[in-house]
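*Asks:* Got a structure for you, questions after.
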Amino acid sequence: MNIFRLAGDMTHLASVLVLLLKIHTIKSCAGVSLKTQELYALVFATRYLDIFTDFISLYNTVMKLIFLGSSFSIVWYIRRHKIVRRSYDKDQDTFRHYFLVLPCLLLALVIHEKFTFREVMWAFSLYLEAVAILPQLVLLQRTRNIDNLTGQYVFLLGAYRALYILNWIYRYFTEPHFVHWITWIAGLVQTLLYADFFYYYFESWKNNVKLQLPA
Amino acid sequence: DSNIDKKDEL
């Protein structure tokens, strides 16, 4: 494992921990998109179908369990926790799931490495992960006051994607036959979606003002 | 095997 990959996984882990920390300790999910969290739960559930059949490493299995467990528990908190659910911005978080899920499923049925259930689900999870942040970005744009933890959560997620791209560049030059077009293009699209957010995040940081996205 | 190096990522 190279340093970019490890740093990418650690920022991904940090993003999830920041979000869980916010929800668990402040008992608030204000500004957090349930739609995005449900899409991530679906992403991990469809990508990690091999978790109990193919052993890659202890690290790999533990991280998969963490991402599955955290995404489903965040969804549980927002939907079921008697205090947390009250802070959910239901009227603002209006993005439709099927608007993202259906095109990704169709794309996975057409573009995949092999036409097997697992490979189609794997491609689907990559396409869906690429766009799963959209409901969250739309919600941030609508929310006038973005609290620090929510801003950091999205920043860490974007950093994780950018580090994965560096990881692929590194692996391409150091490992023979490391070519994965589906992963790379989906990953690149995903990272580009954060470009706008990053711009405003750094501007607010540079000027030391509260993060606000233009409507 | 390219299948392994693809799936060792998260």
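*Asks:* Gap in Å between the Cα centre of the stretch A:142-191 and the Cα centre of the stretch A:18-77?
*Replies:* Value for the Cα centre distance between the two parts: 17 Å.
*Asks:* For the stretch A:154-215, state which trypsin sites (Lys or Arg not before Pro) are in a DSSP loop and have at most 10 other beta carbons lying within 10 Å of their beta carbon.
*Replies:* Working: sites: A:Arg161, A:Arg171, A:Lys206, A:Lys210; in loops: A:Lys210.
For trypsin sites (Lys or Arg not before Pro) across the stretch A:154-215 that sit outside H, G, I, E and B with at most 10 neighbouring Cβ atoms in 10 Å, the list is empty.
*Asks:* Taking every eigenvalue of the Cα gyration tensor of the stretch A:161-214, multiplying by 5 and rooting it, what semi-axes result, largest first, whole Å?
*Replies:* Over the Cα atoms of the stretch A:161-214, the semi-axes work out to 32, 12, 5 Å.
*Asks:* What is the extension gain from A:Val209 to A:His97, computed as 0.36 nm multiplied by their sequence separation minus the C-alpha to C-alpha distance, in nm to one decimal? Display every interim value, and only then the final one.
*Replies:* Numbers: separation 112, 0.36 × 112 = 40.32 nm, distance 3.31 nm.
That pair, A:Val209 and A:His97, stretches by 37.0 nm at full extension.
*Asks:* Give, in nm to one decimal, the length gained when the segment between A:Asp89 and A:Ile111 is fully stretched (0.36 nm per residue of separation minus the Cα-Cα distance).
*Replies:* Taking 0.36 nm per residue and subtracting the Cα distance, the gain is 4.4 nm.
*Asks:* Moving on. Taking beta carbons within 10 Å but only from partner chains, what does the mean come to for residues A:112-124?
*Replies:* Partner-chain Cβ atoms within 10 Å, mean over residues of A:112-124: 1.
*Asks:* Where in chain A is the longest stretch that carries no chymotrypsin sites (Phe, Trp or Tyr not before Pro) classed as loop by DSSP and with at most 16 other Cβ atoms within 10 Å?
*Replies:* On the way: sites that count: A:Phe52, A:Phe55, A:Phe115, A:Phe178.
Result for the longest clean stretch: A:116-177.
*Asks:* With a length cut of 24 Å (Cα positions projected on each helix's long axis) and a Kyte-Doolittle mean of at least 1.0, go through chain A and give me the DSSP H helices that pass.
*Replies:* A:3-26
*Asks:* Rounded to whole Å and ordered largest first, report the semi-axes of the equivalent ellipsoid of chain A derived from its Cα gyration tensor (root of 5λ).
*Replies:* 28, 20, 17
*Asks:* As a check on your grasp of the helix formula, calculate [θ] at 222 nm for chain A: sum -39500 (n - 2.57) over DSSP H runs of n ≥ 4, divide by the residue count, round to the nearest 500.
*Replies:* -23500 deg cm²/dmol
*Asks:* If you don't mind, another one. How far is it, in nm, from the label point at A:Tyr170 to the one at A:Leu192 when both lie 7 Å from their Cα along the line to the Cβ?
*Replies:* In this crude spin-label approximation the distance works out to 2.5 nm.
*Asks:* Kirkwood hydrodynamic radius of the stretch A:1-113 from all distinct Cα pairs, in Å?
*Replies:* The answer is 15.8 Å.
We did not get these values from a lab; they are worked out from the coordinates using the rules stated. Quick caveat, the model's predicted, so the values are computed rather than measured. Here the Cβ is made from the backbone with ideal geometry for all residues, glycine too, and neighbour counts use every protein chain on show.
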